[in-house]
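Written below as structure tokens is the structure these notes are about.
The values are calculated or read from the model by the stated rules, or taken from the named source; none is laboratory data. Since the structure is predicted, the reported quantities are computational estimates derived from the model, not experimental observations. Neighbour counts run over all protein chains shown; Cβ positions are idealised from the backbone, glycine included.
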Amino acid sequence: MSGNGAIAPALGWHRLLAHLDRGTILVLGGQGSGKTSLARWLVGQLGRGLDRVALVDCDPGQSTIGVPGCLGLALTGPWEAPAALWFVGSTSPPGHLLPSVVGAARLAARARAAGAQAVILDTSGLVAGGAARTLHYHLAHAAEVDQVVAIGGNGGRGAGAGGAAVEALVGLLQGEGRQVERVSGSAAARDRGPGARRDHREARFAAHLQGARTRWVSPRRVFGSDWGRGAAEGLAEGTVVGFLDGEGFCLGLGIVEEVHADRVAVYTAVADVPVVRLQAGSFRIDREGRELPAAGEPESRGDAGEGEPENGRGGPDADAGASGGRPLRLAERG
Ligand SMILES: Nc1ncnc2c1ncn2[C@@H]1O[C@H](COP(=O)(O)OP(=O)(O)O)[C@@H](O)[C@H]1O
Ligand SMILES: [Mg+2]
């Protein structure tokens, strides 16, 4: 959901509250089914009876906590300011399942360490196919999910094409002994479409880059999108990097702008915090937050460039490696 606009509870949402308990709750559903709206409503409702509840945004594309390319944790209402971020390196989970799983687990653990009695995990719309099953099976274990709320399983309202896929995921997670609650999607829920989703990401990138300036870092601290050290010379201009702290959490994003033998220029609003490494992602943006095409993609800004979470292919969302655009050459040192 966009953040504006009131959330209208759908049929059965209030009934949910009688069945959900403190613990870790995974909200599952297809793209545009209303997961984020339901997760935000739940965290508000559960927060009335508990000292502390937390919301973990596990969608690195349509982010509502922090910035796309990352997963985010919020510990206080209105559940927008990130208490912690985890760098995924892509705006779509396929091809980035490991950081998606580890990030969700680390953020949920951090929420519990901060005293959260209930942790709600809002997920991406990736519900169909092997990547979706692999992601959710391992995410549920790693993040210690004990309750699942599924929207639109069993062909209910809001099921869309993803209804059968959601039900297959429910079977997988329920087989592990978790409590499952099914709800209908809200009549107000709608898939905003690829153009609006891209607009959402770009607006959030732009907001994240407010106050950014060029910061020079040592190439020794830059890790490539294959997580190898010293890969700075292979990075294309515009490649998004995450500034990571000593615990692996992300302090914010930057954009690679120049690579020299002894220094790398990164455009970022991250400042005055200890940074352990800069981790390259596999997508590119410009200073205004606009997404740039990956390697071999035309400059067109049509809808076709967006990777659909359903199939995990496409431009900036695809796992194409940080190879798009003009490769930056190491400057000769004289
Ligand atoms: N219960 C609801 N009340 C009002 N609007 C809703 C509700 N559920 C979904 N929507 C609208 O539908 C769109 C998609 O909902 P969202 O919760 O973002 O879905 P998802 O997270 O599954 O992609 C949003 O623009 C949101 O405003
Ligand atoms: Mg969402």
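Data for the structure
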| item | result |
| --- | --- |
| Top-ranked residue in the stretch 15-29 [being part of a loop (DSSP other than H, G, I, E, B) and either modelled with pLDDT under 95 or away from ligand 1 (no atom under 16 Å from the Cβ) (or both); ranked as surrounded by the fewest Cβ atoms within 10 Å (Cβ to Cβ)] | Asp21 |
| Every residue from the stretch 1-14 that is more than 16 Å from ligand 2 (Cβ to nearest atom) and free of Cβ contacts under 8 Å to residues at least 12 places away in the same chain | Ala6, His14 |
| Residue match in the stretch 238-254 (condition: touching a strand residue (DSSP E or B) at 6+ places or on another chain (Cβ under 7 Å), at pLDDT below 95, over 20 Å from Leu97 (Cβ atoms) and among the small types (Gly, Ala, Ser)) | no |
| Cβ-Cβ under 9 Å pairs, at least 6 apart or on other chains, the stretch 94-110 side in the same structural domain as Glu144 (by TED's automatic domain parsing), far side in a loop (DSSP other than H, G, I, E, B) and of a type in the set (S, T, N, Q) | Pro94/Asn311; His96/Ser90; Pro99/Ser90; Ser100/Ser90; Ser100/Ser124; Ala104/Thr123 |
| Neighbours by Cβ (under 7 Å, 6+ apart or cross-chain): first from the stretch 17-36, assigned by TED's automatic domain parsing to the domain that holds Gln174 and within 16 Å of ligand 2 (Cβ to nearest atom); second basic (Lys, Arg) and in a loop (DSSP other than H, G, I, E, B) | Gly32/Arg190; Gly32/Arg192 |
| Residue among Gly153, Gly175 that alone is over 22 Å from the mean Cα position of the chain (by Cα), surrounded by 20 or more Cβ atoms within 10 Å (Cβ to Cβ) and modelled with pLDDT under 95 | Gly153 |
| Positions within the stretch 37-71 being surrounded by 24 or more Cβ atoms within 10 Å (Cβ to Cβ) and within 10 Å of ligand 2 (Cβ to nearest atom), in sequence order | Ser37, Leu38, Ala39, Arg40, Asp57, Cys58, Asp59, Gly61, Gln62, Ser63 |
| Which listed residue is more than 14 Å from ligand 2 (Cβ to nearest atom), outside any loop (DSSP other than H, G, I, E, B) and out of contact with any strand residue (DSSP E or B) (no Cβ under 9 Å at 6 or more places or on another chain), from Leu85, Leu107, Leu98 | Leu98 |
| In the stretch 33-69, the residues that are in a loop (DSSP other than H, G, I, E, B), away from ligand 1 (no atom under 11 Å from the Cβ) and either closer than 21 Å to Val166 by Cα or of a type in the set (Asp, Glu) (or both) | Asp51, Pro60 |
| Sole exception among (1) in contact (Cβ under 8 Å) with a residue 24 or more places away in the chain; (2) surrounded by fewer than 16 Cβ atoms within 10 Å (Cβ to Cβ); (3) closer than 22 Å to Leu71 by Cα for Arg197, by number | (2) |
| For Gly95: the one exception among (1) modelled with pLDDT under 95; (2) in contact with a Lys or Arg (Cβ under 8 Å, 6 or more places away or on another chain) | (2) |
